[in-house]
2 protein chains.
Amino acid sequence: MSFPADATVSEAGEFPLIERLRDLFPQGEQVLVGPGDDAAVLRIRQGHVVVSTDVLVENRHFRRDWASAADIGHRAAAANLSDVNAMGGRAHSLTIGLAAPRDLPAQWALDFAAGFAEECALVGASVVGGDLTSAEEVVVAVTVIGSCLQSPVLRSGARPGDVLALAGRQGWAAGGLAVLGRGFRSPRILVEAYRRPEPPYDEGAAAAEAGATAMIDVSDGLLAEARHLAEASGVAIDVRRDAFEIPEPLHAVGAALGADPIQFILGGGDDHALLATFPDAPPAGWLVIGSVTSGSAVTVDGAAYDGPTGWTHF
Amino acid sequence: MSFPADATVSEAGEFPLIERLRDLFPQGEQVLVGPGDDAAVLRIRQGHVVVSTDVLVENRHFRRDWASAADIGHRAAAANLSDVNAMGGRAHSLTIGLAAPRDLPAQWALDFAAGFAEECALVGASVVGGDLTSAEEVVVAVTVIGSCLQSPVLRSGARPGDVLALAGRQGWAAGGLAVLGRGFRSPRILVEAYRRPEPPYDEGAAAAEAGATAMIDVSDGLLAEARHLAEASGVAIDVRRDAFEIPEPLHAVGAALGADPIQFILGGGDDHALLATFPDAPPAGWLVIGSVTSGSAVTVDGAAYDGPTGWTHF
């Protein structure tokens, strides 16, 4: 079925649009039945099954004028794939629920789906089902299913004496978001980091194999996630400022906005870095950024931190 | 954590509300890690895994003044459990994404979750994860995961010569919706059928065991679903009006609204009945309502039907 390139989702119609969307989603070998029936059918061979879900709302989690539809698709997929990464698992199957205003360009939905599929392809995962409906604003609900070959790494396993380590870029997306929020489009490398995060997809399973005791993905902010780890594990965590080499573009943004650039690193999410604890030195690709002790506080250089620590949804 | 009984979700706060919500969801034996980590962890023993997702939007799929929060929770769960039912499977795990306006009463979210959990308990399924965020209107995104012990029953297996059969109430919820739409609250039995559908949860697996060739759940309207079956299977389907005994309350609503009550049955969804095809007589609990022939049309008593056939989302 086809519709004009400039059709809205309402003009395109539910079923023709769904058919076009489906064509964008190649199906992996675990998929016995893909989109189009009452449910998808998967063959899952071994290991533990991990499941996570995320809801992204326009003007809260993304803005259509700050990133292309394809970028937003990449980000939505990355946010969910990262949750499986943080268990030490590998994602294989996702579903997308898309609620869209009637006047949303159908092409936006198609570009979003193409970006989403492209991000999923980075880890070999397939979009196996979805739902499309109308709403006042764009809402994207994603569920991801993955497998862990070894025991999943929870938030609750950190122990005093462990080292705290980080994999992936951290603070870049927050820097990009900060400049977009002021109406700028540069430094371009930070804006791009926000638009298309590059989560360290190989590092979750690598950390699990290396004996990580606890792990979480940094989506709400580094110190906020450290607090989640500390609370779940019943430990204290100290983060060391001098562990981070602040990249030049973050210095530039800090100077332009009158902010200490370490704030982007300590308070930023959106890069979907991984934060984990290890009894010994972490594997290559991980940066030691602090330590785990007994207690319950999250501190920076041994003291309470009074900058922004992350994002809350209400 | 606690908050006043009359708090809004914004006043309650994301994490205290999530904590209270979690307490409403008992975890089944397949759940190794429930809500609260980056992902839930499941142990899935055998069979095919089926996955489906649905998005429900306030004032499109439900109205807060037409049904209680608990009712809406029941309906949201039923809609998704029914998709697994229609594959011949049994649901075991669900995730809920809830986007809510900041001024939504926190109690609404709690009552919704309690109703949702109660419906899931009917089939022994658990809510294993979720996400909570703010939005302009209430959006509920549900993903359900289930298992099929035998091969899943698809939409595409109907063959000429099969009988068409229905399990569960059909048209009751549409009758209830019609009276609610006119501002009435009776007949109460129909309004209740809309508010709390009673999908035939045991009949999906029973149909699969009995050799059903194709199956679908009736959520968009009986004739609309018959068309989905016919198109997926490459067959024609004829539905016989005289197969249905029109229940007294539907007669009453038809008379009050000046509508032929068969319209509620032929065009109604929301009861989450099952529509299936069988090579022979269906098992007990199923009503033969038509037949499968070669061709591609969906007809009623052998002729084109010009009444409403179902629901589209744009």
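Being open to solvent by 10 Å² or more (accessible area, probe 1.4 Å), modelled with pLDDT of 95 or more and either at positive phi or among the aliphatic types (A, V, I, L, M) (or both) is a description that applies to B:Leu154.
Among residues of the stretch B:46-71 that are away from every other protein chain (no Cβ under 12 Å), those with a Cβ under 8 angstrom from a residue that is among the charged types (D, E, K, R) and surrounded by fewer than 20 Cβ atoms within 10 Å (Cβ to Cβ), sequence gap 6+ or separate chain, pair up as B:Ser68/B:Asp111; B:Ala69/B:Asp111; B:Ala70/B:Asp111; B:Ala70/B:Glu118.
The sole residue among B:Arg188, B:Arg195 that is within 25 Å of B:Phe116 (Cα to Cα) and crowded, with 20+ Cβ neighbours inside 10 Å is B:Arg195. Take the conditions (1) away from chain A (no Cβ under 11 Å); (2) more than 16 Å from the chain's Cα centre (by Cα); B:Val127 misses just one of them, which is (1). Restricting attention to the stretch B:39-54 and to residues that are at pLDDT 90 or above and not polar (S, T, N, Q), the residue that is most open to solvent (accessible area, probe 1.4 Å) turns out to be B:Asp54. Candidates B:Leu149, B:Leu154, B:Leu166: the one that is within 22 Å of B:Gly268 (Cβ to Cβ), out of contact with any helix residue (DSSP H, G or I) (no Cβ under 6 Å at 6 or more places or on another chain) and either touching a residue at least 40 places away in the same chain (Cβ under 8 Å) or basic (Lys, Arg) (or both) is B:Leu166.
Which of the residues that make up the stretch B:18-31 are within 13 Å of chain A (Cβ to nearest Cβ) and of a type in the set (Asp, Glu)? Listed by number, the list holds a single entry, B:Glu19. Taken over the stretch B:92-124, the criterion of being open to solvent by 10 Å² or more (accessible area, probe 1.4 Å) and either among the small types (Gly, Ala, Ser) or assigned to a loop (DSSP other than H, G, I, E, B) (or both) is satisfied by B:Pro101, B:Arg102, B:Asp103, B:Ala114, B:Ala117, B:Ala121, B:Leu122, B:Val123, B:Gly124.
Test B:Gly268 against the criterion of being out of contact with any Leu (no Cβ under 9 Å at 6 or more places or on another chain) and among the small types (Gly, Ala, Ser), and give yes or no. Answer is no for this residue. Checking the stated criteria, A:Leu24 turns out to be part of a loop (DSSP other than H, G, I, E, B), among the hydrophobic types (A, V, I, L, M, F, W, C) and open to solvent by 50 Å² or more (accessible area, probe 1.4 Å).
Here the strands (runs of 3 or more DSSP E) wholly within the stretch A:241-314 that include at least 2 residues being open to solvent by 30 Å² or more (accessible area, probe 1.4 Å) are A:287-293.
The condition (being of a type in the set (Gly, Ala, Ser), surrounded by fewer than 20 Cβ atoms within 10 Å (Cβ to Cβ) and out of contact with any Asp or Glu (no Cβ under 7 Å at 6 or more places or on another chain)) is satisfied by just one residue among B:Ala236, B:Ala230: B:Ala236.
Residue-wise test of (1) touching a strand residue (DSSP E or B) at 6+ places or on another chain (Cβ under 7 Å); (2) of a type in the set (Val, Ile, Thr); (3) over 20 Å from B:Val41 (Cβ atoms); (4) modelled with pLDDT of 95 or more.
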site	(1), (2), (3), (4)
B:Thr95	yes, yes, no, yes
B:Ala99	yes, no, yes, yes
B:Leu104	yes, no, yes, yes
B:Trp108	no, no, yes, yes
B:Phe112	no, no, yes, yes
B:Gly115	no, no, yes, yes
B:Glu118	no, no, yes, yes
B:Val123	yes, yes, yes, yes
B:Gly130	yes, no, no, no
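In the set (1) at pLDDT 95 or above; (2) hydroxyl-bearing (Ser, Thr, Tyr); (3) under 19 Å from B:Asp54 (Cα atoms), B:Thr213 fails one condition alone, (3). Among the residues making up the stretch A:108-163, those that are of a type in the set (Phe, Trp, Tyr) and in contact with a Gly (Cβ under 7 Å, 6 or more places away or on another chain) are A:Phe112, A:Phe116.
Results for (1) touching an Asp or Glu at 6+ places or on another chain (Cβ under 7 Å); (2) open to solvent by 20 Å² or more (accessible area, probe 1.4 Å); (3) not in a loop (DSSP other than H, G, I, E, B), shown as yes or no for each residue.
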{"residue": "B:Leu56", "(1), (2), (3)": "no, yes, yes"}
{"residue": "B:Arg64", "(1), (2), (3)": "yes, yes, no"}
{"residue": "B:Ile72", "(1), (2), (3)": "no, no, yes"}
{"residue": "B:Ala77", "(1), (2), (3)": "yes, no, yes"}
{"residue": "B:Val84", "(1), (2), (3)": "no, no, yes"}
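Taking the numbered list (1) within 13 Å of chain A (Cβ to nearest Cβ); (2) surrounded by fewer than 24 Cβ atoms within 10 Å (Cβ to Cβ) in turn, B:Ala141 passes all entries but (2).
Against the numbered list (1) facing chain A (nearest Cβ under 10 Å); (2) hydrophobic (A, V, I, L, M, F, W, C); (3) open to solvent by less than 30 Å² (accessible area, probe 1.4 Å), B:Phe15 comes up short only at (3).
The values are calculated or read from the model by the stated rules, or taken from the named source; none is laboratory data. Every value quoted in this text rests on a predicted model; they were computed, and no experiment measured them. Methodologically, a virtual Cβ is constructed for each residue, glycine included, from the backbone with ideal geometry; neighbour enumeration extends over all protein chains shown. Accessible surface areas use protein heavy atoms only, side chains included; no ligands, DNA or RNA. Shrake-Rupley method; radii C 1.70, N 1.55, O 1.52, S 1.80 Å.
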